[in-house]
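Note sheet for the following structure.
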Amino acid sequence: MKKRTYFMFYACSLLWLGLVACETAEQRTVVTIEGEAFHVNGKPTYEGRTWKGTTIEGLLMNSRMVQGIFDDLNPETRPLFGYPDTGEWDPDRNTAEFVAAMEEWNAYGLNAFTINLQGGSPIGYGNKDWYNSAFFSDGRLRPEYMDRLKLVLDKADELEMVVMLGIFYFGQDQNLDDEVAVIEAVRNSVNWVLHEGYRNVLIEVNNECDVNAYDHEILKPARVHELIDLVKSMEYEGNRLLVSTSYKGNTPPKPNVVKSSDYILIHGNGVNTLEKMEKLIADTRQVEGYRPMPVVINEDDHYDFDQERNNFTVAVENYVSWGFFDYRRDGEPYEEGFQSVPVDWGIHSERKQGFFNLVREITGVTK
């Protein structure tokens, strides 16, 4: 098991009566950026590691795990997500099983994952009437969601994992009243992370800002940089969160987002040839405003992990972090899919095993 990152130090002074007064502090996992590389606790990720002649220092091997705090607040659709063994949906069970699985993911070398305060499509693609949001309609935080998120972030902190925390999802942003509520949701969620003291969190303002399903203009491409800049302006005790937003598959970001972001997020959905993957990466690095900064794919539904080259390996060859997007296809069993609710968070399918085996091969991590 990875050594815990909670280190307690004590500043003690003897009082005249012989009593001892002590103050305690926690040292948390800290993610920073140096040029194109991510650093954790002052060192590049996968320090010194190369794979097939390619350095992977500074990359994030990640997976889309956006349903880690999922719930459905619509009583009419909630029964759709019952577990096979009970027939009932249970958000606390979902988060508990998520947290229990994290050590195994990390033992294979996974050092990052994406989770979202409004989740993602619980059927892989598509949205209907379910209601999954960590926000009340005015942008205030729902305590039960944040309690579940705290369990996830505490475990990630212990394991020295980086969390890409998404704030909005296009299947749920309509549940916020107006633009004021959207801004309040950003302020409240970022302030919560900062005041809780988490330093291992990267912000993804919204998932795929350029899809046509967003209701609020400030979440769309022309203005989403305003929210990126808002996040960058927020500090607590001298710390702020690194921030970006993502675009739909096979789409480079626009200059306004590149100029404002600390790192770049792109998606591999629709990138169905290796040549397209190489072009997407090259085009992204040619966008106006680009400077040396990390490029991260945190969603890609192309696999071929048994092949010599695939989207994952091509990304690594081009010094880009890669993220696994796994959902349950029609007719597949419960064990498949990290996005489809209810989720089996274990590595219990051939597709999941193929991904994690390749992560272990590339990272060389053995625990």
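The values are calculated or read from the model by the stated rules, or taken from the named source; none is laboratory data. Here the structure is a predicted model, which means the values were calculated and not measured. For neighbour counting, all protein chains shown are included, and Cβ atoms are generated from backbone atoms with ideal geometry for every residue, glycine included. These area figures cover heavy atoms from the full protein model, side chains too; ligands, DNA and RNA do not enter into them. Shrake-Rupley method; radii C 1.70, N 1.55, O 1.52, S 1.80 Å.
Annotation note: Cβ proximity below 8 Å between a residue of the stretch 81-95 that is under 22 Å from Asn127 (Cβ atoms) and a residue that is open to solvent by less than 20 Å² (accessible area, probe 1.4 Å) and of a type in the set (S, T, N, Q) (sequence gap 6+ or interchain) occurs for Asn94/Gln67. Tell me, please, whether a residue that is open to solvent by 70 Å² or more (accessible area, probe 1.4 Å), modelled with pLDDT of 50 or more, of a type outside the set (Lys, Arg) and not in a strand (DSSP E or B) can be found in the stretch 2-24. No: the stretch 2-24 contains no residue that is open to solvent by 70 Å² or more (accessible area, probe 1.4 Å), modelled with pLDDT of 50 or more, of a type outside the set (Lys, Arg) and not in a strand (DSSP E or B).
For the stretch 63-78, the count of residues that are assigned to a loop (DSSP other than H, G, I, E, B), modelled with pLDDT under 95, farther than 27 Å from Asn298 by Cβ and of a type outside the set (A, V, I, L, M, F, W, C) is zero.
Does Val341 satisfy the condition of being hydrophobic (A, V, I, L, M, F, W, C), assigned to a loop (DSSP other than H, G, I, E, B) and open to solvent by less than 20 Å² (accessible area, probe 1.4 Å)? Answer is yes for this residue. Consider the stretch 292-311 and keep the residues that are within 17 Å of the chain's Cα centre (by Cα) and closer than 23 Å to Thr32 by Cα. The one that is surrounded by the fewest Cβ atoms within 10 Å (Cβ to Cβ) is Val295.
When the test is whether a residue is touching a strand residue (DSSP E or B) at 6+ places or on another chain (Cβ under 7 Å) and closer than 18 Å to Asn200 by Cα, Ala134 does not pass it.
The residues of the stretch 282-313 that are part of a helix (DSSP H, G or I) and in contact with a Phe, Trp or Tyr (Cβ under 9 Å, 6 or more places away or on another chain), listed by number, are Thr284, Asn311, Phe312, Thr313. Just one of the listed residues (Glu275, Glu336) is open to solvent by 10 Å² or more (accessible area, probe 1.4 Å), acidic (Asp, Glu) and in contact with an Asp or Glu (Cβ under 9 Å, 6 or more places away or on another chain), and it is Glu336.
Output the number of residues of the stretch 211-254 satisfying the condition of being aromatic (Phe, Trp, Tyr) and open to solvent by less than 10 Å² (accessible area, probe 1.4 Å). I'd like the intermediate steps shown before the answer.
We begin by selecting, within the stretch 211-254, every residue aromatic (Phe, Trp, Tyr); these are 214, 236, 247.
Retained after the next criterion (residues that are open to solvent by less than 10 Å² (accessible area, probe 1.4 Å)): 214, 247.
Summing the residues that are aromatic (Phe, Trp, Tyr) and open to solvent by less than 10 Å² (accessible area, probe 1.4 Å) in the stretch 211-254 gives 2.
Scan the stretch 205-262 residue by residue and report those that are of a type in the set (D, E, K, R), touching a strand residue (DSSP E or B) at 6+ places or on another chain (Cβ under 8 Å) and part of a loop (DSSP other than H, G, I, E, B).
Taking the stretch 205-262 as the starting set, the residues that turn out to be of a type in the set (D, E, K, R) are 208, 210, 215, 217, 220, 223, 226, 229, 232, 235, 237, 240, 248, 254, 259, 262.
Still in the running and touching a strand residue (DSSP E or B) at 6+ places or on another chain (Cβ under 8 Å): 232, 262.
Listed by number, the list holds a single entry, Asp262.
Could you tell me whether the stretch 131-149 includes any residue that is surrounded by fewer than 19 Cβ atoms within 10 Å (Cβ to Cβ), closer than 22 Å to Glu208 by Cβ, touching a residue at least 40 places away in the same chain (Cβ under 8 Å) and out of contact with any Phe, Trp or Tyr (no Cβ under 8 Å at 6 or more places or on another chain)? Yes, there is a match, as at least one residue in the stretch 131-149 is surrounded by fewer than 19 Cβ atoms within 10 Å (Cβ to Cβ), closer than 22 Å to Glu208 by Cβ, touching a residue at least 40 places away in the same chain (Cβ under 8 Å) and out of contact with any Phe, Trp or Tyr (no Cβ under 8 Å at 6 or more places or on another chain).
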